[in-house]
Amino acid sequence: MAQNHPLPETLKLNKEFKRAYYRGKSEACPFFVCYQVKNRRQGLRYGITTSKKVGNAVCRSRARRVIRAAMRSVLDRFQPDCDYVFVARERIVNAKSYQVAAAMKGCLKKLNDPSKAGAKEKKVPQE
């Protein structure tokens, strides 16, 4: 049986979500798009958005539940001083939480990889 870790604080304000969209790093996978941005607080926070493109209310609620379950299983891989926003995609409706957790591990690994962050900034051609 999986351990039931308490989830971190959630993002509630529109400006918190917008800050992640415009100032954060993003990584996409088939099930969701993940945005990561440093916060000024001392804790990890997260937010989940599901548009009507995902499906009806039942599908959107299931998508949020699956993302939360995946988060619980990989909670130790999140950076403690960051905000994370997950934007659900249509394919998450048919996904199991272990599949989403595997995708989440990959996204977090790419977002937290220091070599990738440096590579993004160095777009100036060498002479």
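The values are calculated or read from the model by the stated rules, or taken from the named source; none is laboratory data. Keep in mind it's a predicted model, so treat the numbers as computed, not measured. When we count neighbours, we look across all protein chains shown, and the Cβ atoms used for this are built from the backbone with ideal geometry, even at glycine. Heavy atoms of the whole protein, side chains included, go into the accessibility calculation; ligands, DNA and RNA do not. Shrake-Rupley method; radii C 1.70, N 1.55, O 1.52, S 1.80 Å.
Scan segment 6-25 for residues that are open to solvent by less than 90 Å² (accessible area, probe 1.4 Å), of a type outside the set (Lys, Arg) and outside any loop (DSSP other than H, G, I, E, B) and the total you get is 5. The strands (runs of 3 or more DSSP E) falling completely within segment 26-103 that include 1 or more residues that are of a type in the set (Lys, Arg) and either in contact (Cβ under 8 Å) with a residue 12 or more places away in the chain or open to solvent by less than 70 Å² (accessible area, probe 1.4 Å) (or both) map to 32-38, 45-49. Starting from residues that are at pLDDT 95 or above and β-branched (Val, Ile, Thr), keep the ones in segment 68-91 and report whichever is nearest to the chain's Cα centre (by Cα). Among them, the one singled out is Val85.
Here Gln42 qualifies as of a type outside the set (D, E, K, R), out of contact with any strand residue (DSSP E or B) (no Cβ under 6 Å at 6 or more places or on another chain) and either modelled with pLDDT of 95 or more or closer than 21 Å to Leu13 by Cα (or both).
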